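Here the structure comes first, spelled out in structure tokens, and everything after it is commentary.
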Amino acid sequence: MANNVEGFNFEQRHGKARVRVARVWRNKSDNIHSMVEWNVSISLLSDCVNSYVRDDNSDIVATDTMKNTVYVKAKECSEQLSAENFAILLARHFTSFYKQVTTAIVKIVEKPWERVHVNGQPHDHGFKLGSEKHTAEVTVQKSGVLKLTSGIEGLSVLKTTKSGFEGFIRDQYTALPETRERMLATEVTALWRQVYSYESVSSIPRNPLYFTERYLDVKKSLANTFFGPPKEGVYSASVQGTLFQMAKAVLNRFPDISSIQLKMPNIHFLPVNISSNENTIVKFNDDVFLPTDEPHGSIEASLSRFWSKM
């Protein structure tokens, strides 16, 4: 919301970024431990214009206080909960506790610690670091109106066949040969918006791990669509076509997701052919490749239901 300041429209926000917090829960009944590591960023829209124009800081929530609040609220969480639920908890606190704050935006990136298995058994307190990250961003207004987006960062997937690219525009600048046999690799970034029924804080699911379970289900749906059945796979005519099928699979399976955005750079594996004037040193036979991610193709799109507010 813009303020009229000395004849100008003035908008401002302030917050605390990259607050790292880890939380461990110890189940006393079976001595099994659970843990998360979150990177939390907070941004507050508040009535503190005087701090900018009159050197009056009396309406500012100090960013150091925001940092401390993250640790206090983590301590108060006696039960394991999702990144989304923790973000909502923080945002509700800032909008209800401080009269000056009209809107709180909280983004969390969860580090992918995964429970290890030893001799086929899940370890009670051992974890290893995975790859892709679970993200969550919530915007909560003082009225209780909620906007919630979940996501995945760094989901790296690759298949060694069942991919091609042909029939594209050819002109005087085109050197790329057409093919029906190539490797396909990408690093998926996905963002999905929850359905309108969650537009109020009071209407979110009661299960504190609901959004964690939904994150795992969406990740599985994206990966399964990319790879296809385990024996025969599925042919990809382009990254664009695969992206659309992945997005459609998520919306078809999860009616409470209103929209999804996917970014899928085309990470290239280039055929290796080496020759000299005298002879062929390496002849490519769908076997030796040069992996490179610079430069790479950049493909992104969003898919939403007609009534979605994405």
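Quick notes on this one:
- Put simply, of Glu232, Glu294 the only residue that is open to solvent by 50 Å² or more (accessible area, probe 1.4 Å) and either within 26 Å of Lys133 (Cβ to Cβ) or among the polar types (S, T, N, Q) (or both) is Glu294.
- Only one of the listed residues (Ala87, Ala104) is small (Gly, Ala, Ser), under 27 Å from Ala190 (Cβ atoms), outside any helix (DSSP H, G or I) and within 25 Å of the chain's Cα centre (by Cα). That residue is Ala104.
- Restricted to the range 215-307, the set of strands (runs of 3 or more DSSP E) holding at least 3 residues that are of a type in the set (A, V, I, L, M, F, W, C) comprises 257-263, 266-271.
Each row is one residue, and each column tells you yes or no for (1) at positive phi; (2) open to solvent by 80 Å² or more (accessible area, probe 1.4 Å).
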| position | (1), (2) |
| --- | --- |
| Gln240 | no, yes |
| Val250 | no, no |
| Leu262 | no, no |
| Pro265 | no, no |
| Thr280 | no, yes |
| Asp286 | yes, yes |
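- Applying the set (1) assigned by the TED database to the domain that holds Asp217; (2) closer than 30 Å to Glu11 by Cα; (3) not aliphatic (A, V, I, L, M) to Lys107 leaves exactly one unmet item: (1).
- Taking the listed residues Leu191, Leu216, Leu222, the one that is in contact with a helix residue (DSSP H, G or I) (Cβ under 6 Å, 6 or more places away or on another chain) and at pLDDT 95 or above is Leu222, with no other qualifying.
Per-residue answers, yes or no, for (1) more than 19 Å from Ala2 (Cα to Cα); (2) within 28 Å of the chain's Cα centre (by Cα); (3) surrounded by 15 or more Cβ atoms within 10 Å (Cβ to Cβ):
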| position | (1), (2), (3) |
| --- | --- |
| Arg13 | no, yes, no |
| Arg18 | yes, yes, no |
| Ala22 | yes, yes, no |
| Trp25 | yes, yes, no |
| Ser46 | no, yes, yes |
| Ala74 | yes, yes, yes |
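- Every residue from the range 96-140 that is more than 15 Å from Ala83 (Cα to Cα) and either basic (Lys, Arg) or open to solvent by 80 Å² or more (accessible area, probe 1.4 Å) (or both): Ser96, Phe97, Lys99, Arg115, His117, Asn119, Gln121, His125, Lys128, Leu129
- Any hit, the range 173-180, residues being of a type outside the set (S, T, N, Q) and open to solvent by less than 80 Å² (accessible area, probe 1.4 Å): no
- Close pairs (7 angstrom Cβ cut-off, 6 or more residues apart or separate chains): under 15 Å from Ser203 (Cα atoms) in the range 83-101, aliphatic (A, V, I, L, M) and part of a helix (DSSP H, G or I) anywhere: Ile88/Val201; Arg92/Val201
- Within the range 110-145, if we keep just the residues that are farther than 26 Å from Leu89 by Cα, without any contact (Cβ under 8 Å) to a residue 12 or more places away in the chain and not in a strand (DSSP E or B), the residue that is nearest to the chain's Cα centre (by Cα) turns out to be Gly120.
- Residue within the range 135-142 that is in the same structural domain as Ser238 (by the TED database), closer than 28 Å to Ala301 by Cβ, modelled with pLDDT of 95 or more and hydrophobic (A, V, I, L, M, F, W, C) present: no
The values are calculated or read from the model by the stated rules, or taken from the named source; none is laboratory data. Since the model is a prediction, treat every value here as computed from it, not as a measurement. As a convention, Cβ positions derive from the backbone with ideal geometry for all residues, glycine included, and neighbour counts pool all protein chains shown. Note: accessible area is taken over every heavy atom of the protein model, side chains too, but ligands, DNA and RNA are not part of it. Shrake-Rupley method; radii C 1.70, N 1.55, O 1.52, S 1.80 Å.
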